[in-house]
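Structure first, then comments.
Coordinate-derived values only; no laboratory data. This one's a predicted model, so the numbers in the text were calculated from it and none came from an experiment.
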Amino acid sequence: MRLDKYLSHATEYSRAQVKKLLRDKRISINGELVRQADRVVEANDKVCLDDEQVILAGPSYLMVYKPAGYVCATTDSENPIVLDLIDSAPDKLSVAGRLDKDTTGLVLLSNDGQWIHRVISPRSVCVKVYHATLDAPLTDEIVQNFAAGVQLKNEDKPTQPAQVSTLEGNVVRVALIEGRYHQVKRMFAACGRHVEALHRTSIGGITLDPALEPGQYRALSEEEIRSVNLRSVNVRSVNVRSLNERS
């Protein structure tokens, strides 16, 4: 990484201010004063500002148990946001996989833009699993409609194949690969059902930690971070059976 970029990410100084620090001979690498902004910082280099080491913090990856009433946004003038739940939140956290205000469950946060993109990109085919409480029982027709793709109101194309099955009573499990606006609720509405409650349990290989209570969070493990599907997949080749295999 270029030295000016490294320092601007690791401190409160802008790149323009970093260049002044360099001109003022306040920056050193491995004990040697440096004045070149384009100097490359290697992994084992010790970068110092006024003889105090500057350490670039790594990216953050968090899972949050989102309670109802919070919105998945970085700012909101009327409602609390999921970032309000994070103590001393790292800079530039973004949401991977937004949930509606009244939907609960797993939300992923990170300041690693490429990782966020892999989670939400349609090409990654990252399966999302929900538990939905309906106003009436599931029917075979609804199961078949989900498997074939549901035509949503004001949409040009039907949804990609999705899998739905009954868990208990009117509570069902839904697995899908898309993230359209209010998609689960709209799919059931198109099939004559109203979703009374919605809860997300997993995204890709990351499952909501059962030890977390609503409003709590924890850092992702290395295995969970790596579990995000990095392969590009043709979503047309994904069928209902493979949704069960992926989730």
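Here are some notes:
- Kirkwood's formula applied to the C-alpha pairs of region 3-53 gives a hydrodynamic radius of 10.6 angstrom.
- Entry note, the chain: the mean residue ellipticity at 222 nm calculated from DSSP H runs of n ≥ 4, each adding -39500 (n - 2.57), is -6000 deg cm²/dmol after division by the residues and rounding to the nearest 500.
- Kirkwood hydrodynamic radius (C-alpha pairs) into Stokes-Einstein, region 1-132, 20 °C and 1.002 mPa s, D in µm²/s: 124 µm²/s
- Annotation: the antiparallel percentage among DSSP beta bridges lying fully within the chain is about 95.
- Scaling against 2.2 N^0.38 Å puts the C-alpha radius of gyration of region 76-159 at 1.41.
- Each principal axis of the chain carries a Cα extent, and these read 73, 38, 35 Å when sorted largest first.
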